[in-house]
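J.: Sharing a structure below in structure tokens format, with a few things to ask.
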Amino acid sequence: MPRTSTKGQVLADLVAEFTKPSLEELMPTQNMNEKSVGVISQKGPSSWEVYIDGAVNQKGSGVGLVLISPEKIVIEKSLRLNFMATNNEAEYEALLMGMAMVRRMRGKSVEVFSDSRLIVGQVQGDFEAKDERMQGYLSRVKCLQLEFNSFNLLHIPRNGNAHADSLAMLAASST
């Protein structure tokens, strides 16, 4: 026969039913010695993942971006540049746009993936930016990088960046 109870009692019963056992219930103190150490860790805030690529052809230049939020929501962007750029300039434009988009969405941690060895090498300090325009792009990236608690730019093989590449080609080829 079901018992009658108040709403508060029903809630308390429900909480008690689904409450996990305490550490003491799982590991009685008589089995622990003075050398036992317990560790509790909490996973930090997840990073945004951003795949970037730039493309240049006879019709123009463009960038492709694939942003993946910490909640695994995918955002695809294909943006045509309103100026003729070199391939390296298009790659930097993609990087800056990806960083700016994550920043606008209040992201504080980002991992960016690019198939451009030059851009990754310049940002990581392995390669020198000799050209004045490349130095300007690098300076803008370094300033924007300070807006993040965590920023990583990683090189990936071209075949690992096919999605962003196809978006960049679409933008460069559109009229």
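Rule-based calculations on the coordinates, nothing more; no lab input. Model, not experiment: these values are computed from the prediction. Reconstructed Cβ throughout: ideal geometry from the backbone, glycine too, with neighbour counts over all protein chains shown.
J.: I'd like the FRET efficiency for Asn82 and Met105, computed as 1/(1 + (r/R0)^6) with the beta carbon distance as r and R0 of 22 Å, rounded to 0.05.
T.: With a Förster radius of 22 Å, E is 0.40.
J.: How would Ile73, Ile52 line up from fewest to most surrounding beta-carbon atoms within 10 angstrom?
T.: Ile73, Ile52
J.: If you count, for each residue, the other Cβ atoms within 10 Å and average over each peptide, how do 150-158, 88-96 line up from highest to lowest?
T.: Ranked by mean Cβ neighbours within 10 Å, highest first: 88-96, 150-158.
J.: So for Phe148, Phe113, Phe83, fewest C-beta neighbours within 10 Å to most, what's the order?
T.: Ascending number of Cβ neighbours within 10 Å: Phe83, Phe148, Phe113.
J.: In which sequence would Glu111, Glu128 go, from the one with the fewest C-beta neighbours within 10 Å to the one with the most?
T.: Glu128, Glu111
J.: OK, next. When the gyration tensor of the stretch 48-173 is built from Cα positions, what are the square roots of 5 times its three eigenvalues, in whole Å, from largest to smallest?
T.: 20, 18, 13
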